[in-house]
Amino acid sequence: MADLLGYKCPCCGGKIEFNSTSQQMKCPYCDTEFDVATLQSYDDILNQQPADTGMEWENDAGSEWGPGEAEGMRVYKCQSCGGEVIADGTTAASQCPYCDAPVIMTGQLSGELKPDFIIPFKLDKEAAKKALAKHMEGKPLLPKVFKSQNHIDEIKGVYVPVWLFQADVDAQIQYKAKKVRSWSDQKYYYTETSYYSVSRAGSLAFENVPVDGSEKMDDTMMESLEPFDFSQAVGFQTAYLSGYLADKYDVDAQTSVTRANERIRQSTRNTLGNTVRGYSEFDIEQENIQLQNGETHYALYPAWLLNTSWNGKKYSFAMNGQSGKFVGNLPADKAKAVLFFLIGAVIAGVLAWFLSEDPMITAIAALAVGGIVFGILFSQLKTVVKQSAAAEYIKKDSFRLTHQQDLYLYKKTEKRPREQ
C-alpha cells in the first residue's frame with residue numbers, strides 16, 4: 001500500500017491513510033473510507049489528464065489588396081470617436097454610423113487587409129424601419145412617450161468587420177458528480193449522497209465562429225445579431241459596398257482569439273456536459289481542450305444601425321442585414337413596473353390565502369409571483385445579450401464521444417429529527 005500513501009481525499013482534500021482495521025483507505029479528517037482499487041482508479045484518471053490547454057491559432061486571415069482593387073474607395077474619419085469607415089466613390093458619408101458625429105474624408109484606402117468574404121445585404125432600409133416599429137410593440141413596460149417621441153432621422157447600412165475562427169477540438173473533462181436520495185421514518189429524515197468521479201472525452205469541429213473586429217461596434221450588440229448564415233457568404237468584391245459603409249477593423253485577429261476561445265471552450269463544455277446524465281448535480285474538476293487545424297478568416301457582415309436619443313440618453317438599435325433579427329435595449333416606465341409587480345403580487349397573494357390561510361406562505365407567494373411578472377416583462381426590453389457559447393457554429397454531426405467512465409467513490413448519509 002506504500003504507493004497509495006500521500007493521496008488526497010476526494011471528499012475534503014486531506015491526506016489519506018490506510019486503515020488496518022477496515023482494510024480500507026481512510027481520511028483521518030472527515031472519516032470517509034475508500035476501496036483501495038477505487039481510489040487507485042480515481043488517481044489514474046486524474047493523472048491521465050494533460051495539464052495544459054492548447055488553444056493556439058494560425059493567423060492567415062485577409063489578403064493584400066491587388067493592383068487597382070481599392071481604387072475609388074474613400075476613407076472617412078469620425079471627429080468624435082475616431083473611427084474610420086470605408087465607402088465607394090458614389091457613397092457619401094456625413095455622419096458616423098456609431099455615434100452620429102460628423103465624419104470627414106481623409107483620403108484613399110490603403111494599407112489594410114482585404115476581406116476574404118462578405119455576406120451581402122438582403123434587407124433594405126425600409127425593412128429596418130418596420131423592424132424598429134415592431135420591436136416596440138407588445139412591451140407593456142415601454143413608456144408610451146418613447147414611441148411617440150422616437151424619431152430616427154437616418155438609418156445606416158454598415159458592413160461590420162469580423163474575424164472567423166474554425167478548428168477541430170479534442171477535449172477531456174473530469175467531473176465531480178453526486179446522486180441524492182431522501183426518505184424518512186417516524187423519527188428522522190434521511191439524506192443519502194453518493195459521490196462519483198465522471199470522465200468524458202470527445203471531439204467536435206467549429207466553423208466560422210465570429211468575433212467583432214470593430215472597437216466602435218458594441219461587441220454584445222453584434223453577438224446579439226447572430227447567427228449569420230455563412231453559406232450565403234461570397235468572395236469579397238468592392239461592388240458589394242456600393243451604397244453602404246464598411247467599417248475598418250481596428251481590433252486585429254490575434255486580439256480576437258481570446259473571445260473566440262472563450263466561446264469555443266464553453267460550447268465544448270456544454271456539449272460534453274450534456275452526456276453526463278442521471279446525477280443530481282455535477283461540476284467540472286479538471287479539463288483539457290486542444291485545438292487542431294485552427295484557421296482564421298476576415299469577413300464583412302451586414303448590419304443596419306439606428307440611433308436615437310430620449311430624455312438625454314442615447315439608445316442604439318441594430319438589425320441583421322441578412323436575417324432581419326432586430327435588437328436594442330429599451331427604457332422601462334418605473335411607474336408601470338411597480339404597477340405590474342403589485343398586480344401579480346396581489347393576485348398570487350389572494351390565491352395563496354384561499355389555499356393555505358398561512359400569512360407567511362401568502363407573503364412569499366405574492367413576492368415571488370410579483371417578481372416573476374416583473375422579470376418577464378422587463379426581459380422583453382433587454383434584447384442585447386452577450387453570447388456565452390458558440391453552439392450554432394458546431395459543424396453538423398461532428399461530435400464524437402470517444403471516452404466515458406463513471407466511477408463510484410463513496411457515500412454519506414445524514415439524518416435530522418422529524419418535528420414533533
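Computed from the coordinates by the stated procedures, all read-outs in this text should not be read as laboratory data. Bear in mind the structure is a predicted one, so any value in this text is a computation, not a measurement. As a convention, Cβ positions derive from the backbone with ideal geometry for all residues, glycine included, and neighbour counts pool all protein chains shown.
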Notebook entry, point to check: Using alpha carbons only, what's the Rg to Rh ratio of the stretch 209-260 with Rh from Kirkwood?
Noted result: 0.97
Next item on the list: Past 20 Å, Cα to Cα, is the threshold; run LYS334/LYS386; LYS114/LYS248; LYS216/LYS313; LYS134/LYS382; LYS325/LYS395 against it and keep the listed order.
Entry: LYS334/LYS386; LYS325/LYS395
Next item on the list: Jot down the radius of gyration and Dmax of the stretch 150-212, Cα atoms only, both in angstrom.
Entry: 25.8, 74
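Are there trypsin sites (Lys or Arg not before Pro) in the stretch 222-292 that DSSP puts in a loop and that have at most 14 other Cβ atoms within 10 Å, and which ones?
Filter output for the stretch 222-292: ARG277.
Can you put LEU381, LEU401, LEU409, LEU300 in order of Cβ neighbours within 10 angstrom, beginning with the fewest?
Listing LEU381, LEU401, LEU409, LEU300 from fewest to most nearby Cβ atoms yields LEU401, LEU381, LEU409, LEU300.
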Notebook entry, point to check: In what order do ASP283, ASP333 fall by count of nearby beta-carbon atoms within 10 Å, going from fewest to most?
Noted result: ASP283, ASP333
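When PHE165, PHE236 are ordered from fewest to most other Cβ atoms inside 10 Å of their Cβ, what list results?
PHE236, PHE165
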Check: What lysines sit close enough to LYS176 to cross-link, taking a C-alpha to C-alpha distance under 26 Å and skipping anything fewer than 8 places away on the same chain?
Finding: LYS8, LYS15, LYS26, LYS411, LYS412, LYS415
Checklist line | Whether the stretch 212-327 is rounded, prolate or oblate, judged on the alpha carbon gyration tensor where a/c under 1.5 counts as rounded | finding: prolate
